[in-house]
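Following: one structure in structure tokens, then a few remarks.
What follows draws every value from the coordinates through simple rules; no lab data is involved. Keep in mind that this is a model prediction, so the values were computed, not measured. Positions of Cβ are generated from backbone atoms using ideal geometry, with glycine treated the same way; all protein chains shown enter the neighbour counts.
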Amino acid sequence: MIGLLHATLVLVLVFPAVVRGSVDPVDLVHADIEDTRKILIEALYQHRDTDRQWDPETMPSGESTNQHAGGYTALACLALITAGESYQDQRLQDALTHLQRVEPIGTYAVATRAMVWSSLPEQFKPNLARDAEWLIKSFNEQAAGWDYKARPTGTISSPSPSVRHFGVLALWEAAKRGYRVPPPLLQSIENVTLQNQFQDGSWPYKNEEDSSGSMTAAGLVTLAITDELLHAKEALSLKRNQAPRERSAAGGLAWLDSNFTSFRTPGGTSRGSRFPMYWLYAIERVGLAQGLTRLGGYDWFREGAATIRNRFLDEKGDGTLELKSTYQRGGRSSAVRELCFALLFLSRGSAPVAVNKLQVDSWRWNNRPRDVANLCRHMSDEHETRLHWQVVPLDDQHGALFDAPVLYIASDTALPFIKEHEQEIRTFDREARSYLQRRTDGTLEEGERPPRAPRIDEVDAVRTYLDHGGTLLCVNEGKGTHFMKSARDLGSLLHPGVDWKKSGTKHWVFMEPQPVRGRRPAVETLGTGVRDRIFLVPRGDVSASLQSMDRSSTGVLGTLSNIHARASGMLRTPPRLDVTTPETSGTGGKVQARIVKGVHGGDWNAEPGGLPLLAVELGRRGTTSSISSRMIRKESLGTNTDLLIVSGTSDSSIDNNAWEAIIEFVNIHEGVVLFEHAGGGDGGVFAGRAEQEAMNHFGQPVRSARSTPVITGDGLEEGTDCRNVSWQPFSITEVFAESTSTPRLRCMSIDGIPRIFFSREDLSHALLDRPSWGIHGYSNRSAKDLLCNLVQHSLQLKKTP
């Protein structure tokens, strides 16, 4: 099976620069991954024999039936179950029955079978225990590993690190499901792994002098496993020094980063070029274990997925894909093995990223290395879905920051980019609060501008992330308060004048979607009327609970899982290849639509990232636009404004001066106004109050907008029929309690012309196209269609004499 991975035959693979139908990694989307997976799944089933299952009648060259009996069937079952195939499918049921009957004596086969049992429900746990016990009893202490067959005593002249890799992977899976792995065994494996590493950070195969990419990845995964199973509690001390294994892992990652390529195993030997799929499988394991986003400047998953697609599939003349003949039944003898490793890579690597862990150079950002990894594993098990995590810097240039709905920051020391501006931030906070109070009271001096916040690039990066739908989770480590204070200062810059709120026992973080059991951590929130955007755990050192995964972890895991569920729209984060990076509108061309966001004393800008994305959408539809924010005053509106959008989130009204400006804007300048309750909460009370006040000021009724061009699209340039719309999932399940496609926009006509529109349901957050639970309003597509129609309607009225 895999002892074959390092046979002596050398085969050099040459890849042409351009292949007909080949795909560029940057062009891949999740649908491409799914198309490829479906073909590989079907190909594996085609290779199955009803008697032998996937075990070949004749083993490939260099392999022994004696060593690998049951191994190919185990590998195929693991790949198919990981790909989402049901173990209750009759084909897999027959294969699992075969695996239960066979008595393999080879380490690869037993280890792979153990990983199959670990992927199945509780009734298969005794099988997992049996294979784990086999691996423990067959472990050779002298060699600190396994032979190809069980040889717990005696000398193994040249122990294979690949066999050791599979053995420890299987025991890791067993440990995740409660099986105790003897610490001396793990320590022995860690010691030999450290001993075998080259000075350049790489690992060889066996006793060879050349580096091996596959074995380097295997060495890194091994250290991640022993770090978790042996050393988790050592990281609880915030005064510890970096351990040798951590320096070893850093060296290995640096080597991989310098030598990564997706189409062949890097290193001085060409031996590994026979097994490029095993190399990608190893990269996937280390990438997910270490939270890596890129290697060698490349997105390792995109590169590997493109290599698999180009290697296995041909594009026919009609554009459809088919499996190359060499991987079909009757093709090359290694086809099953390569199909399995390719399918494992695609199935595991394509899952959504649940949490980003912020990396800040020369700062204590990773005191508890397994905190986020353990949280994501818990959420994966709890929700029975695969969720990943990754490490990202704030200056990431590739959009990885937007892959996850939650950005996690934890430390026992102050954020460095906050600490150096501490006094400026405190001064700004005082001035901002004073300004906002005067604005609410209507006592601002004419032309008075808000105070200017300190310009800090890192804060701007966090702001951009939050403005486009992200959620920030800050965890104070240890007993000190340095990080907590800097997190609060960060909040002062991101939400001037807004106070932190303590979460009471009935707050949704402790109740939804699952009631939290165990000791609940203290949680403070900061945000807008639409959603909580920043969460702070000011004390209790919850990252220690995540690191150790002991009894204290239950309440922490439940609380943080609820925060993620809310931020992800109840686990609606798209697969990683379908996550979009926020776009900006172009600046060229004459502005056709001038949109003003009205500033008032309430929460007028709850989702700052929304309207800029509307400008992008308008540009796609052929309309250039400008977005500006202005106080709602006569001098701010006029002929230079086409559409005024007034958003709010609470039962507050705009002042009389603002209404006078709106009356003049509508009656004299023939403008169009939209009042919107951003987020759609509280029954849309902001828009509802605006309706009442508009009827008082204009003396006209408010009716459904269903027959207006904004809904029908009639007579509008690039108009869209919005008589049937789609809604946020929260609206369907929690508000309407049924499926509906009816728009609820309302309007007031002035002199028979629809000019003032009201939406009690959210439009602003929908523009972000980021899932978030608790938002009542339109879907992203319907919000864009309605608002684009509204813009075109305002332009059309200006054209009409």
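Odds and ends about this structure:
- Residue ranges 635-641, 784-790 sort as 784-790, 635-641 when ordered by packing (mean number of other C-beta atoms within 10 Å per residue, highest first).
- Rounded to the nearest 20, the size of the Cβ-charge dipole of the chain about its Cα centre is 1240 debye, with Lys and Arg at +1 and Asp and Glu at -1.
- Separation in nanometres of the label points that stand 7 Å from Cα toward Cβ, at residue 100 and residue 590: 7.8 nm
- Applying a DSSP loop filter and a limit of 13 other Cβ atoms within 10 Å to the GluC sites (Glu not before Pro) in the range 431-483 leaves 445, 446, 448.
- Length gained on full extension, residue 639 to residue 155, computed as 0.36 nm times the residue gap minus the Cα-Cα distance: 165.2 nm.
- Karplus-based coupling profile of the range 318-331, in residue order and whole Hz: 8, x, 7, 10, 9, 6, 5, 4, 5, 9, 7, 4, x, x, with θ = phi - 60° in 6.51 cos²θ - 1.76 cosθ + 1.60 and x standing for Gly or Pro.
- The per residue volume of the convex hull around the alpha-carbon atoms of the range 544-634 is 179 Å³.
- In straight-distance terms, cross-link reach from residue 501 covers every one of the lysines whose alpha-carbon lies under 22 Å from its own, apart from those fewer than eight places away in the same chain; here that gives 479, 485.
- Along its first, second and third principal axes, ordered by size, the range 494-576 spans 38, 33, 24 Å in Cα coordinates.
- Cβ-derived FRET efficiency at R0 30 Å, residue 230 paired with residue 258, nearest 0.05: 0.60
- For percent of Cα pairs over 45 Å apart, computed directly from the structure shown, the correct entry in (i) 34; (ii) 56; (iii) 25 is (i).
- Amide H partners (placed H, <5 Å) of residue 149, local residues excluded: 107
- Cross-link pairs exceeding 28 Å between alpha carbons, from the set 137/239; 357/419; 38/149; 239/506; 125/206: 137/239; 38/149; 239/506; 125/206.
- Full extension of the segment from residue 446 to residue 137, taken as 0.36 nm per residue of separation minus the current Cα-Cα distance, would add 103.0 nm.
- Site pair residue 508 and residue 195 shows an inter-label distance of 5.6 nm when each label is modelled 7 Å from Cα along Cα→Cβ.
- Amide N of the range 488-505 lying under 20 Å from the label point, which is placed 7 angstrom from the Cα of residue 382 along Cα→Cβ: 503-505
- Candidates 523, 471, 456 compared by Cα position along the dipole of the range 454-525: farthest toward the positive end lies 523, with charges placed on Cβ.
- 22 Å tail of the calculated P(r), the range 637-792, as % of Cα pairs: 38 percent
- Placed amide H near residue 313: partners under 5 Å, 5+ positions off or other chain: 324
- Model label sites at residue 551 and residue 90, defined 7 Å from Cα along the beta-carbon direction, differ in position by 5.1 nm.
- Local electrostatic count, residue 309, Cβ distance below 9 Å [Lys/Arg +1, Asp/Glu -1]: -1
- Ordering of 481-487, 72-78, 498-504 by packing is 72-78, 481-487, 498-504, highest average first (other Cβ atoms within 10 Å, averaged per residue).
- Nearest-0.05 FRET efficiency for residue 519 and residue 433, computed from C-beta distance (R0 41 Å): 0.75
- Those residues of the range 775-801 whose amide nitrogen sits under 17 Å from the label point placed on residue 626, 7 Å along Cα→Cβ: 795
- Note that the range 68-198, at 25 °C in a medium of 0.890 mPa s, gets a Stokes-Einstein diffusion coefficient of 164 µm²/s from its Kirkwood radius over C-alpha pairs.
- Potential lengthening between residue 797 and residue 34 on full extension [0.36 nm per residue; Cα-Cα distance subtracted]: 270.0 nm
- Trypsin sites (Lys or Arg not before Pro) restricted to DSSP loop in the range 413-468 with at most 15 other C-beta within 10 Å: 452, 455
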